[in-house]
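Shown next, in structure tokens, is the structure this report addresses.
Values in this text are rule-based calculations from the coordinates and carry no lab data. Because the structure is a prediction, the values reported are computed rather than measured. Backbone-built Cβ (ideal geometry, glycine too); neighbour counts: all protein chains shown.
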Amino acid sequence: MTQLKPVVAQQLHTDSRWIVDDAGGRVKLACVNWPAHLQPVLAEGLSKLSADTISRKIREMGFNCVRLTWPLELPMNETLASLTVTQSFQNLGLLDSLAGIASNNPSLINLSLMEAFKSVMTSLRNNEVMVILDNHITVPGWCCSREDGNGFFGDQYFDPQVWMQGLQKMATIATNFSNVIGMSLRNELRGPRQNVDDWYWFMQQGAETVHAANPNVLVILSGFNFDTDLSFLQNRPVNLSFTGKLVFEMHWYGFTNGDAWQSGNPNDVCGSVSNDLMSKSVFLLGQGYPLFVSEAGADERGTNVNDNRYFNCFMAMAAEYDWDFALWTLQGSYYLREGVVGMEETYGLLDYNWTGIRNRGYLSRLSVLQLPFQGPGGRPTAAHKVIFHPLTGFCILRQSPTRLVLGPCAYSEPWSLTPQNALWLMGTSLYLRALELGRRARLATSLTEPGTEWEMISASKMHLSSKDKDGNAVCLDVNPHNTLVVEACKCLSSDSSCDPASQWFRLVDRTRL
């Protein structure tokens, strides 16, 4: 797996749309969520493995960062925060989990919940994992619903003044942890009270509160409707006393759009949803702000058609826009979720017992997103493109003088789209060619050869289409053996019963190696 350079002792800031280190080099946040906001108020999995083992697994899987969630009552309800881990689990009847914690993390059982939370941050720091503290909810429990009283300023459990005091306390605690590089002010604003004026009034105050308590952390702001809508920022910027620290976050799941991925044609849905994302959040990159996709993920069993189709589109956009991200999620199971003891998490990277990887193919595919394609610093290179295949997480590589295969994008040679719509392998006289229906895609040595002119077709703009030597319209495809072939274009529109993902490619800009 990818190993990312530790940056836990550095203060990060923003440079236009990039998050950068002290030297001005980009630090791509490749994070995974590790929840600690549910009823036991302890990071999940500590009954299965030691905190250090979990922290090491996070880095071994290629992640450099954790989005560590916390409930507002942790800093603000002294009765709760002072409970020991033993008392918390005994009160909930979680005796088997408590026995597991005593076995795997014996130093935690007599700590207060707040001290146990700090202990997890210490473990992450010792294992060189950055942390973003995310105020996920007020009352400990599963999040979220529109009517749970935790959704927006003024709700039953969401007093803005208490919230700001909680932010101040957590930001102050974070000054003792060099690996805490950001604070997400509130997860998934929602519900009937949502309104723009209150958002600006309270979010700006919350941002100033965090900055005053801890000027070293990035300040991360979420939007409306479960963090899917930041469109109100298009014409009304945030007004803060500080600069170089502001990041916005968004969430995107398959279920964000209901069952549209399964009930509709994936090309049409990906095109429509992508346009919607551009207008609601991705436009912020063009305005010079980093955009942190702080929750995204899919059912790793591979049987959820809606999730599978969504995730192909997600992979394409995540690569194209080179997002900082936090995958949902790390945990293979929960102590207690929604009244169910030991509930399994099928979106979790780790299996039920936290000992193995739930789906190694899924993790391998994600690894392409863990390293930056663009941004300042690193090993700069002349701007070029790679031809990315979202279904596999691979790029088109040259295996021999004219033969093409799929492989790790890090090894892709530079491509360019010429004014003649040819895909040119830069520094050579070679061009991508569609030779004949059913045959391998090859490299041609001349633009005069048929099949060297390509266009992106379908609503998804991800079908690479050309004409073969017989004049047939064809598309680049990948067969079950991961071989690049030329086939008839499939599933272009309307039909919801077929899946075009093997024919989806995205031209991704790359400026660094």
**OP:** Under 1.5 on a/c is rounded, so check that first for segment 358-411, then, if it is not, pick prolate when a/b is larger than b/c and oblate when it is not; a ≥ b ≥ c are the square roots of the alpha carbon gyration tensor eigenvalues.
**Re:** oblate
Original post:
About its Cα centre, what dipole magnitude does segment 66-156 give when the only charges are +1 on Lys and Arg Cβ and -1 on Asp and Glu Cβ, stated in debye to the nearest 20?
Top reply: 240
**OP:** Using +1 at the Cβ of each Lys and Arg and -1 at the Cβ of each Asp and Glu in segment 380-512, identify which of 425, 448, 459 lies farthest towards the dipole's positive end.
**Re:** 425
Subject >> Zone residues, segment 489-513, relative to residue 383, backbone N less than 13 Å from point 7 Å out along Cα-to-Cβ >> reply: 509-512
**OP:** Among 304, 498, 211, pick out the residue whose Cα is farthest towards the positive end of the charge dipole of the chain, where Lys and Arg carry +1 and Asp and Glu carry -1 on C-beta, about the Cα centre.
**Re:** 498
Subject >> Equivalent ellipsoid, the chain (semi-axes from 5 times Cα gyration tensor eigenvalues, Å) >> reply: 42, 24, 22
**OP:** Would you calculate a helix-derived [θ] at 222 nm for the chain, using -39,500 (n - 2.57) for each DSSP H run of n ≥ 4 and dividing by the full residue count, to the nearest 500?
**Re:** -7000 deg cm²/dmol
Subject >> Interchain or long-range residues, amide H under 5 Å from residue 512's placed H >> reply: 381
Original post:
So if we plug the beta-carbon distance of residue 440 and residue 513 into 1/(1 + (r/R0)^6) with R0 = 30 Å, what FRET efficiency do we get, rounded to 0.05?
Top reply: 0.60
Subject >> Approximate spin-label separation residue 239-residue 79, in nm, with each point projected 7 Å along Cα-to-Cβ >> reply: 4.1
Subject >> Over the chain, relative contact order from alpha-carbon pairs under 8 Å, at least 6 apart, % >> reply: 14
Original post:
Between residue 200 and residue 110, 0.36 nm times their residue separation minus their Cα-Cα distance comes to what?
Top reply: 28.3 nm
Original post:
Tell me, 259, 197 in order of fewest to most beta-carbon neighbours within 10 Å?
Top reply: 197, 259
**OP:** Nearest 5 is fine: what % of DSSP beta bridges in the chain come out antiparallel, could you say?
**Re:** 60
Original post:
What is the extension gain from residue 303 to residue 92, computed as 0.36 nm multiplied by their sequence separation minus the C-alpha to C-alpha distance, in nm to one decimal?
Top reply: 72.6 nm
Original post:
Using 17 Å as the cut-off for backbone N distance, which residues of segment 52-72 belong to the label zone defined by a point 7 Å from the Cα of residue 353 along Cα→Cβ?
Top reply: 54
Subject >> Cα centroid of segment 258-289 to Cα centroid of segment 423-475, whole Å >> reply: 28
Original post:
By a straight-distance test (C-alpha under 24 Å), which lysines pair with residue 385 as possible cross-link partners, with residues fewer than eight away in the same chain excluded?
Top reply: 28, 461, 467
**OP:** Find the all-direction average of the projected area of the Cα convex hull for segment 380-512, expressing the result in square nanometres with one decimal place.
**Re:** 8.0
